[in-house]
Amino acid sequence: MSQTQISFSLRSKLMLLSIAVLIIPYIGFDYLRQMETYLRETLEASLVDSTYAVAGALNDKPKLFESSFNETTNSLYVHQLNNPVHLDGYTDDWLSYIDWSETYRSESVDDADNFKLIISKDDDYFYVLIQVKDDKLVYSTLDNAEHINGDHIVVVYRDKYQRLHKDYLAPSGPGLIRPFRYEESYDEYGVEIRTQKNLTNTSAVWQAVNDGYNIEIKIPSYLLGGHLGFTFEDVDDANGHSGTNTISTFDSDDYVGPGKIISSSKNIENIIYTQGRSEGRRIWVLDKSAQVLASDGSLKRVFPDNAFNIVYTLLLPPAYDQFDDDLAGASRLQGNEVKQALSGNTETRWRSSPDGKAVIISAATPIWFDNKVVGAVVVEETTNNIQIMQRQVLAGLFNKTLLIFIVIVFLLLLFASRLSSRLIKLNRETTEAIDENGKVTGNISVSNASDEVGELSRSFNNMLDRLHQYHSYLEGMASRLSHELRTPMAIVKSSLDRLQHEQDEEGRKVALQAADTGLQRLQALLTRLSEASRLEQALQEADKQTTNLNKFLSKCIEGYETAYPNQLFKLNLPEATTNYSINQDLFFQMLDKLVGNAVEFSQPGKEITVNLINNTDLVELQVINIGPGLPEELLDDLFNSMISIRSERSDTGPHLGLGLFVARLIAEFHAGSISAMNLENRQGVCITVAFPAD
């Protein structure tokens, strides 16, 4: 693999690994989905708590719920005016109310004629829209002051003194209508005379439409007391005497019982306001007949702008700030939660907006007086608040994750570049350190970094040093073998030459003995060359047994005293018996290498000390000789193969630098380690073999 491929592989893998950071927003998104159920339950509980709070402020206040104690019917609900109304006969100004028009039909005549009524007010005027459906429109000619011969509307009301009034709207054509009322008087003969009196305080406009006509009426507030009603007189012929159909907002045929006016209560609105309001939440207060007495708030709220709103829409259900609110401006509420509340129970209901763009939850609870239900509180809110909250949380999570992702990618890219450059450098130095013939020609820069690459560079450097030592040994092997082989071969050659010329039997024996000595030295040299490889095979087949090291070492020292009669030995043993699992033959071979090495370098007359130290968790065997110290640079490499510090030929036999290497192999076989150190002032050497305690 080339350097470019190595670098690309590392970068690509680390960059791929960085993508795992994207699991953070996924976990957050999954958590948000699971939290939606909890948030819905929390929202439902919050709405119920709000109904309790508002109902608690309205309980035991009967004056606010007079309509709940009156059994009157035919009441008319008056909406609070939201926008100006221009009297033109069209419905453009009534769009926020028109869905709550009340429809009135005749019960006595089986036809399709009817009219719809909607009323609103401000501080000074009542505004009325009447949408009449009439299959035959008949205008009044107004040629008869005592009788109206066309379709007309009668406005019936009681003033603040409870006096009954009837105002007539009889259009003679599209446009402005002059309202009037009848005044009765008697002539000199006692005959009743009815005369029309035009009204200037009330305004009305008549406008024809496809299936009937519309009438807009403007009535001053001071004219009306507490009751108001409307009657539509449908005249089907120009004479006005036959085919007349009466449709009224109240049941009384003699116009004496107009319905009660019900409008939003300022007192209740103030109480609702003091309970606090929340954006996107609407509160209703109803009387016992589910008529709206007051309302506050709106279900709609403004969404915060977000650049990633499209992304969130793909992940979360869409949240709309505009949707069809079917209860906006309602005069009466229906629904199971309202019925349950008016029955004395607290209930909630989930529903969708007509266009399906919003989910609305409503909670209703009863209002009490004297242990009787006099009304209900309904609190509504959409789940858009939950969706907005989800989007806000997701936005924060997405933005933070994006920032973290960018930082991590940058750091990983920086780390990958640094790592790849270090590996490229290490690869280049390793390649250039050895030539095509396998000869070490360079070195590897040792890194001080504590990571794996630094450790790898140090390992390569150590390996290169050992390889260099090995090559150095091999390069010196010829001279070393020549040095070691020259004497025994010279002995053998001289002995053979002597045999050719020696006639004396005794001389021939001496020559043969000398030749045999040379051959033995050659044999010893070959034995040492193969000793290491044979030892590794022996280690694989060797077994161990528990041995008393005190007795074992005592016997070994006795043998060394016999083998080296001119050498002094001292053995120091612990008082307690030290038992350890060893292979006695191998252990003796290791000790033989160490003692033999110590004897060779020991000064004459100086004793060799062997110490056995039994610590709590370590057993140490020390071999100490008094003599020349070791070079400091060789202390770490002394136990590697083919390392020797002898510069001159020794009479003890050939030396190829394998003795201490064999000792190290045997120590490691016994799970131990071996090390060397110079005594103080380099007056000797201490070889220590350490074993973990059994």
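The values are calculated or read from the model by the stated rules, or taken from the named source; none is laboratory data. All figures in this text were calculated on a predicted structure; none of them were measured in a lab. Counting neighbours? That spans all protein chains shown, and the Cβs are built from the backbone with ideal geometry, glycine included.
Per the listing L411, L423, the residue uniquely modelled with pLDDT of 80 or more, farther than 20 Å from D636 by Cβ, among the aliphatic types (A, V, I, L, M) and not in a loop (DSSP other than H, G, I, E, B) is L423.
For segment 390-407, the set of residues classified as surrounded by fewer than 16 Cβ atoms within 10 Å (Cβ to Cβ) and touching a residue at least 24 places away in the same chain (Cβ under 8 Å) consists of Q392, V393, I404, listed by residue number.
Residues that are at negative phi and surrounded by fewer than 18 Cβ atoms within 10 Å (Cβ to Cβ) within segment 602-625 comprise Q603, P604, K606, E607, N611, I613, N615, T616, D617, L618, E620, Q622, listed in sequence order. Which of (1) of a type in the set (S, T, N, Q); (2) touching a Ser or Thr at 6+ places or on another chain (Cβ under 8 Å); (3) over 17 Å from G297 (Cα atoms) is the odd one out, the single condition S362 does not satisfy? With respect to (1) of a type in the set (S, T, N, Q); (2) touching a Ser or Thr at 6+ places or on another chain (Cβ under 8 Å); (3) over 17 Å from G297 (Cα atoms), S362 is out only on (3). The condition of being more than 20 Å from N566 (Cβ to Cβ) and either out of contact with any His (no Cβ under 9 Å at 6 or more places or on another chain) or modelled with pLDDT of 85 or more (or both) holds for only one of D636, D592, D651, that being D636.
Looking only at segment 332-368, residues that are under 34 Å from the mean Cα position of the chain (by Cα), within 27 Å of I118 (Cα to Cα) and in contact (Cβ under 8 Å) with a residue 60 or more places away in the chain come to 2 in all. In the set (1) in a loop (DSSP other than H, G, I, E, B); (2) touching a residue at least 60 places away in the same chain (Cβ under 8 Å), I624 fails one condition alone, (1).
Residues in segment 547-604 that are free of Cβ contacts under 8 Å to residues at least 12 places away in the same chain and touching a Cys at 6+ places or on another chain (Cβ under 7 Å): there are none. Restricting segment 670-694 to residues that are exposed (fewer than 13 other Cβ atoms within 10 Å of the Cβ) and in a helix (DSSP H, G or I) leaves a set whose member that is modelled with the lowest pLDDT is N681. Selection of segment 437-476 for residues being exposed (fewer than 14 other Cβ atoms within 10 Å of the Cβ), closer than 26 Å to A416 by Cβ and not acidic (D, E) yields S445, V446, N448, A449, S450, S459.
Of (1) in a strand (DSSP E or B); (2) surrounded by fewer than 22 Cβ atoms within 10 Å (Cβ to Cβ); (3) small (G, A, S), G344 satisfies all except one. Which? G344 satisfies all of (1) in a strand (DSSP E or B); (2) surrounded by fewer than 22 Cβ atoms within 10 Å (Cβ to Cβ); (3) small (G, A, S) except (1).
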